[in-house]
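The values are calculated or read from the model by the stated rules, or taken from the named source; none is laboratory data. Just so it is clear, the structure is predicted and the values come from calculations on it, not from any experiment. Every residue, glycine as well, gets a Cβ built from its backbone with ideal geometry; the counts of neighbours run over all protein chains shown.
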Amino acid sequence: MRKIDPRNFQRATRTTSKEINRQIVLNLVREYQPISRADLARRMEVARGMVSPLVNELIEGGLLYEAAVGTSRRGRKPTLLHVRAHDRLAVGIDVRLSETQVMLADFAGRTLALEMLRTPATPEELIAELGTRVRRLLEANSAAGECQGIGLVVPGTVDSETGRLVNAPTLGWRDVDLRGALEAAVGIEVTIERDAVACALAQMWLAHPVGGALDSFAYVTFSDGVGAGLVINGRVVRGHRDAAGEFGHIPLTMDGPACLCGSRGCWEAYTSSHAIVARYLGRELATRDSYAAVRESGMTVADVIARARSGDAGALSALELTGRLMGLGLAAIVNAVNPARIVVGGEVAAAWDIVGPPALAAMAERTLTTGTASTPVSPEASDQQTRLRGAAALVVAPTFAAPAIG
């Protein structure tokens, strides 16, 4: 699934598919709405007579609608076009170790309803709870529009063909058919995706990426787990067995703290939310139980950040060391993939003024050229709904994606 860049596109010719031009029109309306047919024709550098049939098809298909009449210095006033988003709905679900969030949104990404629940211990309990909540949400908001699908985001590797959750180390779940079970529970099509990829999709489809529109970037999330969503030439990189981007499980050392994946010394074990809190508390992450003990302390990354800002030297030191460790992993991403930009998300991104300088210094030390050392790295604005917006994007994006040709 590839995104069409409305600022840099190549329209179809007689030798290529009409569907390409139809998708270009749809994306131009989405980017510049409200927009007239004449303005669309100017942006595509074609005659208006070529645009009108495409617009009419999109209106008939329920993807565009005509709204207010615009102004004109002379001649007939233009009718302005909009993407039909307000009454087309998507459910986004973000599953994390401690908490699961359920959001109902429209196709413009506007949140209509949001619920939170403690993540159950087993997949079966989770599906039962989600089925009840999704049905209740849709019934309560039935007047808002029709649900087009459910996007389910999970902290683990997903088989893109079968939709099975292959391995979620933070949850301790392996080979689970969450997608099929949820579809059976609610009777609505479900799309499932790994959390870091969903965050990258949120940047592509439901937000303006930090630093401007990009078609090649890495979104790195530092939360309960650590991973990267990689986008190259407008397309998510998945790898041969859907495991591309699992940089959180590349070892920084051959020993070091225990990781929930079962190994030791993983980048995630040094930079996850658990690792940051444990570093501040002076605790060792040696077993799965030690992770539980950190959660039970009640301390959060936001608490560590607040203490650092209030002058707590221990909190400041913990964050600065975390920044350096973050930079070592970022260097691995730059050396391996060479993205045009890296966006950093997760709770620790709110302390970029503290963790950023040591992260960038460490990245510069470990990258191989001056050019790669200067790869732009930006924090995402603190947004607790990035993964939820990514979940909604799983439903929204296929409508606007470039068609597969050939």
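Against the definition (at pLDDT below 90 and either polar (S, T, N, Q) or in a loop (DSSP other than H, G, I, E, B) (or both)), how does Leu214 come out, yes or no?
yes
Take region 78-104 and flag every residue that is part of a strand (DSSP E or B), out of contact with any Phe, Trp or Tyr (no Cβ under 8 Å at 6 or more places or on another chain) and under 19 Å from Glu31 (Cα atoms).
Across region 78-104, the qualifying residues are Thr79, Leu80.
Could you list, in sequence order, all residues of region 244-259 that are on the phi < 0 side of the Ramachandran plot and crowded, with 24+ Cβ neighbours inside 10 Å?
Within region 244-259, Gly248, Cys259 qualify.
Please verify whether Asp159 is within 24 Å of Phe222 (Cα to Cα), surrounded by fewer than 24 Cβ atoms within 10 Å (Cβ to Cβ) and not assigned by TED's automatic domain parsing to the domain that holds Ala244, treating the condition exactly as stated.
Considered against the rule, which asks whether it is within 24 Å of Phe222 (Cα to Cα), surrounded by fewer than 24 Cβ atoms within 10 Å (Cβ to Cβ) and not assigned by TED's automatic domain parsing to the domain that holds Ala244, Asp159 comes out as yes.
If only one of Val344, Val355 is at pLDDT 95 or above and not in a helix (DSSP H, G or I), which one is it?
Val344
Pairs needed: first member in region 131-143, in the same structural domain as Asp106 (by TED's automatic domain parsing); second member anywhere, surrounded by 14 or more Cβ atoms within 10 Å (Cβ to Cβ) and basic (Lys, Arg); C-beta distance under 8 Å; at least 6 residues apart or different chains.
Taking only residues 6 or more apart or on different chains, not a single pair turns up.
Looking only at region 264-282, count every residue that is free of Cβ contacts under 8 Å to residues at least 40 places away in the same chain, part of a loop (DSSP other than H, G, I, E, B) and buried (at least 16 other Cβ atoms within 10 Å of the Cβ) and tell me the total.
1
Among the residues of region 54-61, are any farther than 20 Å from Pro78 by Cα, out of contact with any helix residue (DSSP H, G or I) (no Cβ under 8 Å at 6 or more places or on another chain) and at pLDDT 90 or above?
Looking for residues that are farther than 20 Å from Pro78 by Cα, out of contact with any helix residue (DSSP H, G or I) (no Cβ under 8 Å at 6 or more places or on another chain) and at pLDDT 90 or above, one finds at least one in region 54-61, hence yes.
Checking the structure you have, find out if any residue of region 315-324 is at pLDDT 95 or above and not in a helix (DSSP H, G or I).
No.
Consider Gly75 carefully, then state whether it is at pLDDT 90 or above, part of a loop (DSSP other than H, G, I, E, B) and surrounded by fewer than 12 Cβ atoms within 10 Å (Cβ to Cβ).
no
Going by what's in this entry, would Leu130 be described as on the phi < 0 side of the Ramachandran plot, surrounded by 12 or more Cβ atoms within 10 Å (Cβ to Cβ) and outside any strand (DSSP E or B)?
The answer is yes for Leu130.
Report, by residue number, each residue of region 120-164 that is over 17 Å from the mean Cα position of the chain (by Cα), within 25 Å of Arg110 (Cβ to Cβ) and among the hydrophobic types (A, V, I, L, M, F, W, C).
Leu130, Val134, Leu137, Leu138, Ala140, Ala143, Ala144, Cys147
Identify, by number, the condition in (1) within 30 Å of Leu260 (Cβ to Cβ); (2) surrounded by fewer than 14 Cβ atoms within 10 Å (Cβ to Cβ); (3) touching a helix residue (DSSP H, G or I) at 6+ places or on another chain (Cβ under 9 Å) that Asp87 doesn't meet.
(1)
All but one of (1) outside any helix (DSSP H, G or I); (2) touching a residue at least 24 places away in the same chain (Cβ under 8 Å) hold for Arg295, so report the exception by its number.
Here Arg295 meets the rest and fails (1).
For region 234-263, which residues satisfy the criterion of being part of a loop (DSSP other than H, G, I, E, B) and in contact with a Lys or Arg (Cβ under 6 Å, 6 or more places away or on another chain)?
Selection gives Gly234, Ala244, Asp255, Gly256.
Evaluate the following for Val377: is it touching a strand residue (DSSP E or B) at 6+ places or on another chain (Cβ under 7 Å) and either modelled with pLDDT of 95 or more or crowded, with 21+ Cβ neighbours inside 10 Å (or both)?
Spelling it out, Val377 is indeed touching a strand residue (DSSP E or B) at 6+ places or on another chain (Cβ under 7 Å) and either modelled with pLDDT of 95 or more or crowded, with 21+ Cβ neighbours inside 10 Å (or both).
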